[in-house]
Structures are given as structure tokens and as C-alpha cells.
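The values are calculated or read from the model by the stated rules, or taken from the named source; none is laboratory data. Not measured: the values here are computed from a predicted model. When we count neighbours, we look across all protein chains shown, and the Cβ atoms used for this are built from the backbone with ideal geometry, even at glycine.
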């Protein structure tokens, strides 16, 4: 104490003087965590404007403005199209940016609303006077007092304590209250008893201590700054969109350059050709896609919010879908973060109690004759009580005054043997000895009619010391060695499950043995020769929904790893209870016990499961952690520090996994931040965790994560459909311009019309695709491999662009030529007509009938052509949205008009009269219809091919069973449509060998079993595949690079397609 | 993927690209073997061949179904356009009376334009039609029977006919002629059976300037008289059946226009039921041009 006084220049009795405190406050700053550098709104808004697609649009807008400038410079005043286009592009970026910002802002607000805004008060002794000050004004060396119910206002070295217990769960993950006392018990200040940490709760007792750390210099502060030092990873969807932008930009520049050359060869002047080049590049930009993606994501975010998942960052919606590893915290995430009675031991039997949150589980057998006494002891030997006025509240949710174990027992008693208050009323308390750490037991004496009843509970070994007999079938027997053995066995068994075991015993005393007001210390003398009634074990029980959620994650190919700060035994027990360590899998320790070998002789590779503690982790060589993760599919990390949690997440990411981290404590926040997606708990979660997370589960329900995964996968699939749909019309929008340049026809489709399609009519159908239900059971497929299953891959682009898009363009041109011919301009005349057609001085241009047209009349006709082409695109897009509804199933199987959204979308956008600016004629709707039909039929044939030969397109890539049999490399125009084949998820080994046939619900030949496929992959992988059950770890197995591709599959499908087409 | 990219050095990227371009080990070009490329090429050849065939077929069917004589729709041509001759750049008739080279091109153009209107040609090809009514020639039994055209003799244009030894349409004397013609539109019946004519006037920007402009422009002489266009020149039956159709023209002679001044002249087709005030089409039923006669 003296040392401390000197070190901090203070007095352990009087505290600091006011002046000194003020000076130190000046020096060290306020005792508060600097809020994580809240990104200013402007920066966040700026970030909304700087995504991959947004950059593409900015570039396009700049090009438009340049082209406009060039045209103005040439004196071409007529075409302000480029200006409009630039303005529209910028508008789209800004509007979607605002939209995204608004979404983000809303969820930030939800999160902010959690924050406790009441400033914290602290009781401090300064200059010998006790006063209440704002906790932020505490300085080093201040003498503070804390009592039960307070939040510890700073890091405190405890000088004096009376039964002080703190809840460190948010810091270390220990769910049990920790005693605080002045003695130093451990080297590490995290473990020692004489330091209470900032922001932890003092549950009971009182303590006085010196402030040894404030603000950022507290333990919590250091963790928080660790979290803010962790950079954010790019979300997978952002990576996908970047990849997509690469494709788009590549194609745009390729097309632009090609036609630049063509234009130069045809003889256009250089400047004109340059304008063409720019126009083509811009025409390739899918203006509507950004809006579509934003809307799709926010729709899903909304849907998730309805299921109590708040998403802070829109893109995180999808991230959960591609998650392949979930690192979950234990306390408060997998468990309920409260103690509850798990087991009872009476009459030599272990009985399981109901630990579900809502007491919906099965109650245990209460028929034993020993039960009445045990329940009486539980009821009476308990100082906890319900807070008044909670009669209507279910027992489990009632607030209790008392420590965690006692309230667990109180609730247990209330549920199993009726109102506790009444029972206590019947047996008034005469005297009691409260629990303390030296006795490790608690005694109370009650009046029970003619007799007095002495009840005692405590650590089993201490209780046993005071017993003379034991209860069996309601009768007392003297202690015997056999019973002792069975008791010890029970203690070990329950303790081995991570449960805290308490023994209960009682003794009937003659009346008046203990007078009221007997000093508590005297009771210890009386409490001998007792009768042992039974054991009760307590645990922080897993949440009821968790085991099923974990199972679902496994079915979905997601690996769940537990990372906790709690003790390994507890961690392992909970892991086993929730299925993170599955039934039948063993840790090396288990193997050692089974084979009766010392642990050193066991090859850890033999064990599926592994519990690694923080100290073991610290001793590992770099890279060994990855090796561990690779070898053991079921991992539990215990006693880990926040830094180690971070390390684990990083190791998983190095193995190529997309990692989700769930957690609630401050100690989780760095890992939450580092993870691809951090999921924090809304109720139990600390502010730091919520700050660091991307997603917040408002109901703290781990099962919501599964919903999130499902929605994330669905949105990925549906975004794929949406994008395929949106991309298709790019070609019919671009083709007119190309023909305009090369064949010199009057421009068939204008820029404003294109914008109208992109930004008005096509938004609804593409958004409607976001509402599509999953086609196959997506939760039975493996998570997508971010390196192979791209959002937009070359086959998808090729199919959209070079097949469907070309058909659409043809429809447009057919309708265009028909409309021109019917007005008097026959196709052959139209070819090469452009220079004269666009000559503003030419007022008497002859058509095919000899009529003469003024410039304005021709202009009007050109607008008609725009309309005609527009209608053609729309009609084809109706067919397109229908074919995109399903990826494999026939429309007839899926139901043509099953989804009202598609219908509404179609109706809204395609009903004539909606775009009043255009001139419509019914006949123009008829011309493109056969082409729409052609698209439908063509795609049905393609789907038929995919369904008939589900493996065909994908079997060509058999090099790695156990990974996604996606198609590598640029897959230019595989007509089979590999991009949307079930095979992309085929590689599901282990318990759910992926048979697309079953998911598809269509009879079709199943692909050969995976391990029968000849594979040139490294042998050890294959060895693992053949061992069922081990395969989950394959996710993290390195894949051989540059796999050999077999072109055979393309050939087959190509041939098939050919025969079907011709 | 993006993450990996940053880690790779430039040389590796180049090597990867080269391997992507041509991988000698697997004999792959751009990630595919030759046969794979071939098949893809073949597929697209067949696919596009099919589509091209389909397109050609549609076009053929469309051309079969289109009437070769009368277009299906004429809703864009409700008001025929008007045009002048000489059709100078920007409709700007500017010349210097004393410098013949400034107006010789105009004269040449008018000569060329009026060539088919020569009386001899007209007499040989076309019929004399009864004046004052439409020259309707219904297809009685024979569809698309060739139609006869009515005569429009050059001599009707009087001093603007450009006949005689001088034949300079008044350009040499500072009294230039400008011809106004109406665009051909099939089955166009202007004027609702009442006579139609061309009216020309100075185009002022306000009422006062209008009068001043008119004064500066001086009197206009129109040929045929009053600028009348006879109804017998309508309707037009299309270039297939109405081969020798001669477009009626009206000549405007500026007999006393002030020299060295810009004159803005507008001519309109005055016919019952014909709108000539379309804001968007400055040439629908009207034409405006600039005239400047320079003298030294």
C-alpha cells in the first residue's frame, strides 16, 4: 500500500486533493474511452461514391464530358446526348450513394440507441471527503469506492474489499463472478484478484481501491485501441464487383478499340472516331446495375432486420452467405450468460435439469424419496430473492438480488418446487452463516414446527467433512466407502463437464438448539453430523437454439470454431453440448485416456477435435496454427486473449476462408473488426463489440446467423440473376451504335432511350429477381469458393452478351427495319443513308417511294425508331426476366407467373402508355415477340441440357474433389451455361455428398461419386476424402494451382447445343 | 483475388499473362486448347448463322409484305416541306450584281433544275390536264396502272423562266428570281379542293420592323400569277407509277429590292387545312431564306 501511495502520490485514506486531481485531469485527459474515430458523415458518404461500380460510372461520366467537349469544339451543337448521359451517370451515382448512406445512417442510429447515455457516477474520496463525481473526471491515484451494482469506473487496485465480486465476462469471457480482494494472487494482472477493471460490473460486496489506469490506459482501452488499429477487409461482394468491373472495362475497351479501328478504316476523321470510341465505352457501362445492386442488398438488409439482424454495412449482407468459418465466442453467444442448474445427483444418480431459456425443456424425474429434502435445502439455504413486483413475469426472466449461483438455485427451486417465498415463510430463518471463500460453505437454521432444520451447502468436499450419513430413497444411511466413491465419481463427472458442483446437506435439530441472534461464526460449530442430501451442478447453459444452428451450419459446409476466454474444461463441455465438438469425435486427451497412453505419445492427427488454450497458442511456432486448423476440423480455443482471437481469425483468412466472428465482449472486438463479417450481440454485447461489428443480432440468437447465411447465399444467387438480366440488354443497346458506325444507318436507338431503359423500366424486373426464392436447398451446399464461384464469370457474360443479347439486338433491328420500311425507307436504302439523313440542310431527302422529307420529319422518324427499338428490347427483356427466374429448372416446373413481383414489375414497366414520351403502335409490339419466344425456347433447351446432363459441364474439372467444381479461366461462351450449374457447388464430400439430382428435384443421372473421379491432386487430400467425416477441413486445404482443365465437357455441350439449334 | 494481386510483383504478372496467352505445356491459348476454341468458334458460327438466316428471312418476308407503291404509314408527312432554288449554302442567296461570277452558279443551278420543265419535254411526256381540280387517276381494274403526269411548262414562269439569250433569271440586273417548290408526298390533296398558292413576304421580327423590312424588300412578282399552284398537280402517286411527275414550282422575283441590305424572306404554302406554323419543323409548309444583293 505504501508503495502504491508513493507511486501514485496519493493517500490510501484521504485520497487526492482537489487541486491535485484537477492538475492530473489536465495532464492525463478525461477518464473515458475515446470514441472510435467516428468517420465523419462526409467521408462515409464519399465512400459510398467510390465503390467499384461507382468508379466505373465516374470514369464513364468523365469520358462523356470529354466527348461532349470535343463535339462542342467541332461545332456540333445538335448533340447534347453526351451531356445528358454524363449528368444521368453522375445522378445515378449520387442518388444510390445517398440511398446507401441513408441505409447505413439508419442502422448506425439503431446501434447508437443502445448506448447508455447517462453519465456514469463514481464515489471518490478526495482530501478525506467522500463525494460523487462524474466518472470521466477520475484521475490516477484517486481513491474510489465501489459497491454491488456499480460499474467499475476505472482500472482499480483493490485496497480493501468485503465480499466483492465482479463480472469479468465481457473482458475475459469467464461467466462466473470473480472475487476481488486486496491480495495479489497472480503475476498477470488479468488473472490477479486485486485489480478490478474499467467497465466491468461489481455484482456484490464493496471495495475501495486506487485508480491505476484511466481512459485509454485501462485494459479495456488498450483492447479498444487494438480494435481500432485493425484494418477493415474488403467485403467479398466488393471484390466480386471489382472483378465484374474488370470484365466490363475489358470488354468495353476491347469493343471501343475495335470499332475505333473500324471507324478509322471506313474513313471517319480521327476526332469523330475518338468520339465513337468514347461513346462505345460508355454504352458498355450498365447504368442501372448500381441501383439494382443497392436495392437488392437493402431489400435483404430489411428482410434481415425483420429477423432481428441489423446490418451496418449493406455489403455485409452478402458476406455472411459466403462465410466458410464462423469463429464464435462462447459466453453470451453460444451460452445464455447466466448460471443455471444443469444436473442433480441424488440417490447415486445423475439427473439432468432443464436449462432452456424459457423452461420449455423436459423436467427431470422428481419421484425420488430423497428429492423433498434436497429441494427443501435448496430452497432454504439461499440468500437470493426475487425483486418484488414480478409476479407476472416468467421465472427465468425475473430479476434476482443475489449472486449468479444463488439466483440460479432460487429460480430452479421456484420452478421445481413451487413458490420459494411461501416455503421460506413456513420455515422462518433463525440464523445464518453466509458463504465466504475460506469456509466455502453456507449454513442457515430454520424453525420447522417442533424442530429446527439446519441446512448447509458448499463445495462438495467441505460439505462431506461435516456429514455423518447420506440420504438414499428418503432414508438416512451412514457413510460408507462405496458411496464416497460414487460421490467422487459424480463430482468428477459433473466437474468435467465444466459445471460448478455444490453439495447440499441438512440436519434436524431439537427445538431451541440455535437461538435467534446466534452469531454466524457459532453456526459452523453446530453444523456437524449432517446428512448428505445431494449434489447440484451449475453451468452457464448453451442457448436452446444453438445446437440446431450449429448443425445447420455444418450441413451448409460452414465450420464453427469456438474461441473463448473461458476455461478449457467449460469450453469443451459447451462445445460438446452445442455440437461444435460432435458426438464421437475425440480430442488428443480423449484418445490418450481411451488408449491408456500418455498424452505425448498420441498423434494429434488421430483426433478430430482439439482444445487449444491461450498459453499453448502463445507457444506455437508461426504457421503451426494454420497446421492445427488444417488437421483438426473441430477446434476449440480457450483462455485466449484478444490478440490471440485476432491471430486465429487471421490464420483462417490466410487459409482462404471467409471468416465470420460472433461475440459480445470487449475482448472480441479486435477479432470482430478483423473478420470478414463481425457479428455482435445486441442485448448482451458491449459497445465496443457493436462498434466493431458489421452486423448485430438484436435478439442475441445465434440461430439468426443461420438465417443470415441463408439470406446471404440467396442474395448472391439472386444478384447473379439480376446481373445476368441487367447485362443482357447492354448488347441491344450497344449494337445500334455499332451498326450506326459501320453500316451508316440512321441511329436506331438514342441515348435518352437507353437511359430510360436502364434507369426506369429495367429496375423493377431486376429488383423483382431479388425476391426469387431459392431454387435448391441452398443450406445444403457448401459455401461458395471466393476464388472460383464468381458473381459474374465469363460464361455468364458470354451467354448474356453473345447469345441472348444478340437475339435481342436482332429483334430490335428487325423491328427497326420494319418500322422504317413502313414509313417509306426500305432496308437497302437505309444502309449508308446516315450522312444525308443527318444533314440538317437537307430538306428534300427522297425515300423509297419518291416522297421528300424535311430534316425535322426525318428526326421525328428517327425518334420513332428509338421507340421501336425500345419496345423490342422491352419485349425481349420480358422473356429475359422469365428465363432468369430459374437457373436450372424449367419455367414450367417453376411456374411461369408464380411471383407477383415479377408480374408487377413487368406490368409497371412494359404496359404501353407508361412512357408517354414515346409514340406507340401496337404492331411494333408484335414484331419482336417471336424473338422473345425464341429466347424462351432457346433457354429452355439450355436448361434441359443442364438438367439432363448435370455433371457434363462440370465434370470437366475433376481435379479436386472437395472443392468447388467451378469452371476456371475465361470460359468464353460455353453455351452450356456453366455459370449457373449445380456443379459449382458439387464438391460436397462428407456427410452430405452433393448430389445435384436431389437438390434439383428432377430425375436425372447422378454424377459419379466424387471419389471415383480420377484426380491428379496430391495424395494426402484424397486420403482425407476417403475418410468420411474429416472432409470439412478440406475447405482449408490448399488447392493445387493451375489445375488441368478438360475441354471435353465443353465439346459435348457445344455439340448438343448445335444439334438442338440447327 | 484483389488481395493476391497486390502481393505479386510486376514480373510475375507479366509471366502469368504470358502463360495465359500461350501455355506451351498444356498447349492452351488464352486458357483453352485449340480444339476447344475451334468448337466454340464452330458453335458461334452455327449460332450466328442461324440468327443471320432468321434475320434475312424476316427481312424478306417483310419486304414481300410491304406495298411497293404506297407506304403503309405517312403520319410523319402531314405537311410537305418547302424548298427554294437556287439552294445555296444555308439558304443564303447573296451575290454581287456587277461581278458575274458571284451569281453564275445560281443561274447554272436554276438552268439545271428547270431542264425537265422545258416546254418541249413537257409536251412530249405529259398530258394537259384540266386546271382547277385534282388529277385523280383511280386504279379501276388494273392495280397500280401507270399514272400520267400533268404539264408544267417552264414558260409559265415568265421572266423567271430563264429563257432567251440572257437567261440570267434577273441576277445580272439585280432583280433575282428564286423558285419555291413543294416536297412530293404521296396521296397528298392540299387545299380541300380550293386553290392553293405560295405567299412570300419579308420576315420581320416585330410589327414596326416588319413594315420597314417590307419596304426595303420592295415589291415581289410571283409566277405563275399570285403564286398559284394548280390542283391538277396533286395527288402524287409515287415514283413507280408516276414516273414523269413534274413538281409544280412558283417563282418569286424581287423586282426592286434594296441593295447592300440583308433581306429575310419567308414563303408559305397557303392552303386550306394546312398548318404552316410548326415550331419544330421550320420547313413544314414554309421556307425562310436570306437575300442580299450587293452593288458597288
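Could you list, in sequence order, the residues of the range B:37-51 that are at pLDDT 90 or above and surrounded by 16 or more Cβ atoms within 10 Å (Cβ to Cβ)? Listed by number, the residues that qualify are B:43, B:44, B:46, B:47, B:51.
Note on the range B:257-296: residues that are outside any loop (DSSP other than H, G, I, E, B), in contact with a helix residue (DSSP H, G or I) (Cβ under 6 Å, 6 or more places away or on another chain) and within 13 Å of another protein chain (Cβ to nearest Cβ) amount to 1. The listed residues are A:333, A:300, A:292, A:323, and the only one of them that is under 14 Å from the mean Cα position of the chain (by Cα) and within 22 Å of residue A:44 (Cα to Cα) turns out to be A:300. Restricting A:254, A:259 to those that are farther than 25 Å from residue A:695 by Cβ and within 14 Å of chain B (Cβ to nearest Cβ) reduces the list to A:254. State the number of residues belonging to the range A:801-821 that are more than 9 Å from every other protein chain (Cβ to nearest Cβ) and surrounded by fewer than 24 Cβ atoms within 10 Å (Cβ to Cβ). So the answer is 1.
So for the range B:229-244 (the condition being closer than 26 Å to residue B:94 by Cα, touching a residue at least 40 places away in the same chain (Cβ under 8 Å) and away from chain A (no Cβ under 14 Å)), does at least one residue qualify? No, the conditions are met nowhere in the range B:229-244. The single condition from (1) assigned to a helix (DSSP H, G or I); (2) in contact with a helix residue (DSSP H, G or I) (Cβ under 8 Å, 6 or more places away or on another chain); (3) more than 9 Å from chain A (Cβ to nearest Cβ) that residue B:94 fails is (1).
Listed here are the residues, each with its yes/no results for (1) touching a strand residue (DSSP E or B) at 6+ places or on another chain (Cβ under 9 Å); (2) in the same structural domain as residue A:554 (by TED's automatic domain parsing).
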{"position": "A:265", "(1), (2)": "no, no"}
{"position": "A:268", "(1), (2)": "no, no"}
{"position": "A:272", "(1), (2)": "no, no"}
{"position": "A:276", "(1), (2)": "no, no"}
{"position": "A:281", "(1), (2)": "no, no"}
{"position": "A:291", "(1), (2)": "no, no"}
{"position": "A:309", "(1), (2)": "yes, no"}
{"position": "A:324", "(1), (2)": "yes, yes"}
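Here is the figure for the range A:822-846: residues that are crowded, with 22+ Cβ neighbours inside 10 Å and in contact with a helix residue (DSSP H, G or I) (Cβ under 7 Å, 6 or more places away or on another chain) total 3. The residue list B:114, B:110, B:54 contains one member that is crowded, with 16+ Cβ neighbours inside 10 Å, in a helix (DSSP H, G or I), touching a strand residue (DSSP E or B) at 6+ places or on another chain (Cβ under 7 Å) and at pLDDT 85 or above, which is B:110. Against the list (1) farther than 30 Å from residue A:769 by Cβ; (2) in contact with a helix residue (DSSP H, G or I) (Cβ under 8 Å, 6 or more places away or on another chain); (3) in contact (Cβ under 8 Å) with a residue 24 or more places away in the chain, the condition residue A:620 fails is (3). With respect to residue B:253, is the statement that it is under 20 Å from residue B:169 (Cβ atoms) and within 10 Å of another protein chain (Cβ to nearest Cβ) true? The answer is no for residue B:253.
Here residue A:855 clears all of (1) more than 21 Å from residue A:756 (Cβ to Cβ); (2) more than 8 Å from every other protein chain (Cβ to nearest Cβ); (3) out of contact with any strand residue (DSSP E or B) (no Cβ under 7 Å at 6 or more places or on another chain) except the condition numbered (2). Exactly one residue out of A:732, A:746 is in contact with a helix residue (DSSP H, G or I) (Cβ under 7 Å, 6 or more places away or on another chain), surrounded by fewer than 22 Cβ atoms within 10 Å (Cβ to Cβ) and at pLDDT 85 or above, and it is A:746. Of everything in the range B:23-49 that's in contact with a strand residue (DSSP E or B) (Cβ under 9 Å, 6 or more places away or on another chain) and in a helix (DSSP H, G or I), which residue is farthest from residue A:809 (Cα to Cα)? Top of the filtered list is B:34.
Counting the residues of the range B:12-22 that are in contact with a strand residue (DSSP E or B) (Cβ under 8 Å, 6 or more places away or on another chain) and within 12 Å of chain A (Cβ to nearest Cβ) gives 1.
Filtering the range A:786-814 to residues that are within 12 Å of residue A:725 (Cα to Cα) and within 28 Å of the chain's Cα centre (by Cα) leaves A:792, A:796.
So which residues in the range B:165-196 are assigned to a strand (DSSP E or B) and within 20 Å of the chain's Cα centre (by Cα), if there are any at all? Working first, answer last.
Step one: filter the range B:165-196 for residues assigned to a strand (DSSP E or B), giving B:177-182, B:186, B:196.
Answer for the range B:165-196, where residues must be assigned to a strand (DSSP E or B) and within 20 Å of the chain's Cα centre (by Cα): B:178, B:179, B:180, B:181, B:182, B:186.
Checked against (1) over 23 Å from residue B:277 (Cα atoms); (2) part of a loop (DSSP other than H, G, I, E, B); (3) more than 10 Å from chain B (Cβ to nearest Cβ), residue A:839 passes all but condition (1).
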